[in-house]
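J.: Would you mind keeping the following structure in view while I ask a few things?
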């Protein structure tokens, strides 16, 4: 599947001074791009809230929705509800487009912020480290395997203590 370029963008020169808000919807086709991150699709809503002060933009990306992914326990597809927020600083400068650790610098000659890669990265970053069904929702054979593997086994070193008759009431 080919990645569609320049699907989402912000024309920085058209944004008003002060507060603004933009809305983007990430669909199955966008989320299921060729990737090693286990995103199989879904629907995410991304709200970009921002404040423009001259040539500086403070952006907050609010990502909410559902993604289709694989369960790390049973490797079956399931729908996972996600939400997260990502701040970003952008500044218009005279030089060519560049990045530094603190903010993205965009040339005034081409004041377009391409959001495709950022939105995809934010979608991936909303995924938890461990993606799994709710407890008990995996197929029964997987659930029984995990129960057998993770049952607390009695440590034989402590079995001697169980043989001690500790009657604390009679020791008074």
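The values are calculated or read from the model by the stated rules, or taken from the named source; none is laboratory data. Bear in mind that the values here come from a model prediction, so they are computed numbers and not experimental data. FYI the Cβ positions are ideal-geometry reconstructions off the backbone, even for glycines, and counts take in every protein chain you see.
J.: Mind checking whether some residue in segment 128-137 is under 24 Å from residue 23 (Cα atoms) and either part of a strand (DSSP E or B) or touching a residue at least 60 places away in the same chain (Cβ under 8 Å) (or both)? Walk me through it before giving the result.
T.: The first filter runs over segment 128-137 and keeps only residues under 24 Å from residue 23 (Cα atoms), leaving 128.
Right, trim to either part of a strand (DSSP E or B) or touching a residue at least 60 places away in the same chain (Cβ under 8 Å) (or both) and you get none.
No, there is no match, as no residue in segment 128-137 is under 24 Å from residue 23 (Cα atoms) and either part of a strand (DSSP E or B) or touching a residue at least 60 places away in the same chain (Cβ under 8 Å) (or both).
J.: Of the residues in segment 6-27, how many are loosely packed, with under 14 Cβ neighbours inside 10 Å and out of contact with any helix residue (DSSP H, G or I) (no Cβ under 9 Å at 6 or more places or on another chain)?
T.: Residues that pass the stated criteria total 11.
J.: Identify the single condition in (1) modelled with pLDDT under 90; (2) not in a loop (DSSP other than H, G, I, E, B) that residue 113 does not satisfy, given that it satisfies every other one.
T.: In the conditions (1) modelled with pLDDT under 90; (2) not in a loop (DSSP other than H, G, I, E, B), residue 113 misses (1) alone.
J.: Where the second residue is surrounded by fewer than 16 Cβ atoms within 10 Å (Cβ to Cβ) and not in a loop (DSSP other than H, G, I, E, B) and the first is touching a residue at least 60 places away in the same chain (Cβ under 8 Å) and at negative phi and lies in segment 101-123, which pairs have Cβ atoms under 6 Å and are six or more apart or on separate chains?
T.: Listed by first residue and then by second, the contacts come to 111/13; 112/9; 112/11; 114/9; 115/9.
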